[in-house]
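See below for the structure under consideration.
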Amino acid sequence: MSRAFLIVLDSLGIGGAPDAGEYFNDGRPDTGANTLAHIAAAHPLHLPVLDGLGLGAALRLASGADAPGLGAEPQGLWGAATEVSRGKDTPSGHWEMAGVPVPWDWTYFPDTRPAFPPHVTARICELAGTGGIFGDCHASGTEVIETFGAEHLRTGWPICYTSADSVLQIAAHEDAFGRDRLIALCRDLAPMLHQMRVGRVIARPFTGTPGNFRRTAHRRDFAIAPPGDTILDIAQGAGRVTHGIGKIGDIFSHRGITHLHKGGSDADLADHLIRLGGTAEPGSLTFANFVEFDALYGHRRDIAGYARHLDWFDTVAGRFLATLAPGDLAIFTADHGNDPGWHGTDHTRERVPVLGHGAGCRSIGLVGFSDIGASVLSHLGLPALRHGASFL
């Protein structure tokens, strides 16, 4: 039985979203955002594997942009996907590509001080056993720790913040506050936030001392459960083994996943992917997310860092593809954009690439996110989704 691998380069948008003008960064619309094109314009890329599959061609299809170093004649399946869910966040993108477009409007917290309504703040204080919180605003995760970290150590109050995503994040010192205590706080807060249609509550532990704080790899996401069966649920329900790499477990509320493979970095996750390329069971589904494109480079608007990470990942992709057997399918895609050359610090509304290995050499044109999941199930010989149509 052939296998399927769905690999998400978190935030690798390629511009061209037709509704980008309805989404904003720092008060300005996302019209013209293009993660890949703006990186390549500043730092020409060397991506022989991904571009060989059709990355440059997908960029031109999605947005009409040309990128230095991305002009190969495609040797794989290639196209671009457009999202219909009303969000430019991680759950929306992943759920929709897994066959479940988001059927509601997310709740977002306003860019004001305070950002959170009083009953949310009161619940955080009740669960934490503290007299207040720090932050209560839109903020960068690293900046908010530097701003409030010293007072957090003095008082024990958690640092709470949000962004343009439907999310509430809580940062606390692993030693002074306690990592387990922080994770329990977020876990117990999550049901109330999910009822409000807030997508995620995220625990953000950090260590260090004032002026030298550092976020750790022990982040935990408590995401609202998808409102329908995803490709993971369908595959597992049919008796197939499913593997989740990286954030996949958190994104899908740990539903439909037989084995979860975590790590402290994308390099660790790459080791898992390459290993599973050789060892994953016949008929299995492997779903991977590589988050550092987004977390370390997109939000921080680090064009050079993003470019280096793309060059690194291309070598990973080559090593991984060399492990696959005839009949296996690998699809590389993304969940949204996060243009490091754009204003603001939030995700950008963009189309994403769809690059396939093991499905011939051809263009699939413009497709929907749900078509990705439908194609994975078709390849595995599993029942079709309610949303999406296979492009295989």
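The values are calculated or read from the model by the stated rules, or taken from the named source; none is laboratory data. Computed from a predicted structure; not experimentally measured. Using ideal geometry, Cβ is built from the backbone for each residue, glycine included, and neighbour counts are taken over all protein chains shown. Surface accessibility is based on the protein's heavy atoms, side chains included, excluding ligands, DNA and RNA. Shrake-Rupley method; radii C 1.70, N 1.55, O 1.52, S 1.80 Å.
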Inset, instruction - Kindly indicate whether Ala72 is over 18 Å from the mean Cα position of the chain (by Cα), more than 28 Å from His379 (Cα to Cα) and either open to solvent by 20 Å² or more (accessible area, probe 1.4 Å) or not aromatic (Phe, Trp, Tyr) (or both). - result: no
Inset, instruction - Could you tell me which of the residues Ala37, Ala33, Ala58 is of a type in the set (A, V, I, L, M, F, W, C), part of a loop (DSSP other than H, G, I, E, B) and under 20 Å from the mean Cα position of the chain (by Cα)? - result: Ala33
Inset, instruction - State whether one or more residues within the stretch 300-307 are open to solvent by 10 Å² or more (accessible area, probe 1.4 Å), touching a Gly at 6+ places or on another chain (Cβ under 9 Å) and modelled with pLDDT of 95 or more. - result: yes
Legend entry - Any helices (runs of 4 or more DSSP H) falling wholly within the stretch 102-198 and containing at least 1 residues that are within 20 Å of the chain's Cα centre (by Cα) and of a type outside the set (Val, Ile, Thr): 141-155, 179-195
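Would you mind finding the one in Ser390, Ser375 that is without any contact (Cβ under 8 Å) to a residue 24 or more places away in the chain, over 25 Å from Gly21 (Cβ atoms) and either among the polar types (S, T, N, Q) or open to solvent by 20 Å² or more (accessible area, probe 1.4 Å) (or both)?
Just one listed residue meets the conditions, Ser390.
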Legend entry - the stretch 212-234 residues that are in contact (Cβ under 8 Å) with a residue 60 or more places away in the chain and β-branched (Val, Ile, Thr), paired with ones that are part of a strand (DSSP E or B) and buried (at least 17 other Cβ atoms within 10 Å of the Cβ) (beta carbon under 7 Å, 6 or more apart): Ile231/Leu285
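Table: residues versus (1) part of a loop (DSSP other than H, G, I, E, B); (2) open to solvent by 10 Å² or more (accessible area, probe 1.4 Å).
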site: Ala235; (1), (2): no, no
site: Gly239; (1), (2): yes, yes
site: Gly249; (1), (2): no, no
site: Asp271; (1), (2): no, yes
site: Phe287; (1), (2): no, no
site: Leu310; (1), (2): no, no
